[in-house]
Amino acid sequence: MSALEVMVDYAAITRNVEVLRGRASAADVMAVVKADAYGHGLVESGRAARSGGAAWLGVAQPSEALALRASGDTGRILTWLYGPDFPVRELIIADVDLSASSPEVVGAIAATARDLGVAARVHVCVDTGLGREGVPLRELESLLDVASAAQAEGLITVVGMWSHLAWADAPGHPTIDDQATNFRTALAIAQERSLDLEVRHLANSACTLTRPDLHFDLVRPGIAIYGLPPVPDPDGRDFGLTRAMSVRSEVILVKDVPAGHGVSYGHDYVTPYPTSLGLVSAGYADGVFRSAGNRAEVSIRGRRYRIAGRVCMDQFVVDLGPVTEVRAGDTVTLIGPDGPTATEWARAIETIDYEVVCRFGALRDKERA
Ligand SMILES: *Cc1c(COP(=O)(O)O)cnc(C)c1O
């Protein structure tokens, strides 16, 4: 085994997309597979999501959209994050839907479409309050002037209008309704111009699960398709989602030490009693957060152990207790059905589970993908 073995259950991703489709009965699902599918593997995750009925795949980077096409994906794909020198020609040839947050981008898409002699599909992104991507509401009219003119010439089709929420994971937060109101204002402006929108979309995972009134035509869940609930399920069932990623390592040494024995650099942990220490061969060079020292837990033979002392570059230690069955060669589950969740890791080290799966995913054994 390499230092860390990161495995992905792609059937779980398929099932999770089915669950989300059930939740969004009137809307289609765009499975968000940006950032290498949150570390789960872009192409495999995209395929799994399609099997679960995702009509759309969503990615931030144009290169990811092109990689999906190169892998043989022929469904609808939207990409939304790029600067002025984005590969617009390749994207239009690859039949990828393009987001536009400024008149300049609409202009660039239209000019390239003219060159190519095809009509490009554009989704206008509106900043309804996130303060990130999207055209400010007060500049929407000037963007639509450019878009309507290009559409009249047959260079683009404005097929979508979309926005993204700032506080969807805090159900009831007043900004959610404020943003929804702004989004409806933007849609009304599009309607006044007789833009015949195919898809209006706003909802991420949390909004998909908590605000059915804001599903519009399409929902864009990311984290939930990997099985991580974006908000606690009031019914305690994780909304029926299954976690897709597991992360494992190996105990390489077990040894007995007396009470009062310092463990790892700086002796941040000192054995409180005579005990056995287990050495695990994975460290921060392998993606194990250094901040997990003395905080996060792992599971060995079905029992939980807290990481004892500091995480080193390529190893960490657990206190196995005075009487242990654990032996060198045993499997250590950092994250998995038989151990902690990414959400528990996130809580232990004060981050979000999104960062935990992206981090471990970056270490994913590519041959297994
Ligand atoms: C990442 C992202 C999503 C998915 O968000 P989750 O919280 O993972 O469901 C949806 N839309 C946009 C624009 C995003 O950047």
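Throughout, read-outs are computed from the coordinates displayed, never taken from laboratory work. Source: prediction; values computed, not measured. Ideal geometry is used to build each Cβ from the backbone, glycine not excepted, and the neighbour counts take in all protein chains shown.
Among the trypsin sites (Lys or Arg not before Pro) within the stretch 180-286, which fall in a DSSP loop and have no more than 12 other Cβ atoms within 10 Å of their own Cβ? Taking the stretch 180-286 and a limit of 12 other Cβ atoms within 10 Å, the loop trypsin sites (Lys or Arg not before Pro) found are R237.
Our coupling estimate for the stretch 335-341, obtained by passing each phi through the Karplus curve with A = 6.51, B = -1.76, C = 1.60 and θ = phi - 60°, is 9, x, x, 9, x, x, 9 Hz, Gly and Pro reported as x. Each label was represented as a point 7 Å from its Cα along the Cα-to-Cβ direction; for Y265 and I352 these points are 3.0 nm apart. Placing +1 on each Lys and Arg Cβ and -1 on each Asp and Glu Cβ, with no other charges, gives the stretch 245-368 a dipole about its Cα centre of roughly 20 debye.
Per-residue ellipticity at 222 nm computed for the chain from its helices equals -9000 deg cm²/dmol, with DSSP H segments shorter than 4 residues left out and the rest contributing -39,500 (n - 2.57). Sorting M245, M313 from the fewest to the most surrounding beta carbons within 10 angstrom yields M313, M245. What angle do you read, to the nearest 10 degrees and between 0 and 90, between the alpha-carbon axis of helix 140-152 and the longest principal axis of the chain? The answer is roughly 60 degrees.
Using the Cα gyration tensor of the stretch 245-368, with a ≥ b ≥ c the square roots of its eigenvalues, what is the shape: rounded (a/c below 1.5), prolate (a/b larger than b/c) or oblate (neither)? It is prolate, given that a/c is not under 1.5 and a/b is the larger ratio. In the distance distribution for the chain, Cα-Cα pairs more than 28 Å apart total 51 percent.
The C-alpha atoms of the chain define a longest principal axis, and helix 42-51 lies at about 70 degrees to it.
Multiplying the residue separation of R132 and T242 by 0.36 nm and removing their Cα-Cα distance gives an extension gain of 36.6 nm. If you plug the beta carbon distance of S25 and D95 into 1/(1 + (r/R0)^6) with R0 = 41 Å, you get a FRET efficiency near 0.90. Modelled label positions at D85 and R290, each set 7 Å beyond Cα in the direction of Cβ, lie 3.4 nm from each other. Of the residues G134, G262, G83, the one that moves most in a GNM of the chain with alpha-carbon contacts below 10 Å is G83. Annotation: the residues I13, I109, sorted from fewest to most other C-beta atoms within 10 Å of their own C-beta, follow the order I109, I13. Within the stretch 300-361, none of the chymotrypsin sites (Phe, Trp or Tyr not before Pro) combine a DSSP coil assignment with at most 10 other C-beta atoms in a 10 angstrom radius.
If R0 is 30 Å, the Cβ-Cβ spacing of E139 and T74 corresponds to a FRET efficiency of close to 0.30. Over what distance in Å are the Cα centres of the stretch 65-117 and the stretch 191-269 separated? So the two Cα centres are separated by 29 Å. For the pair D177/D314, report the inter-label distance in nm, with labels modelled 7 Å from Cα in the Cβ direction. Output for this residue pair reads 5.8 nm.
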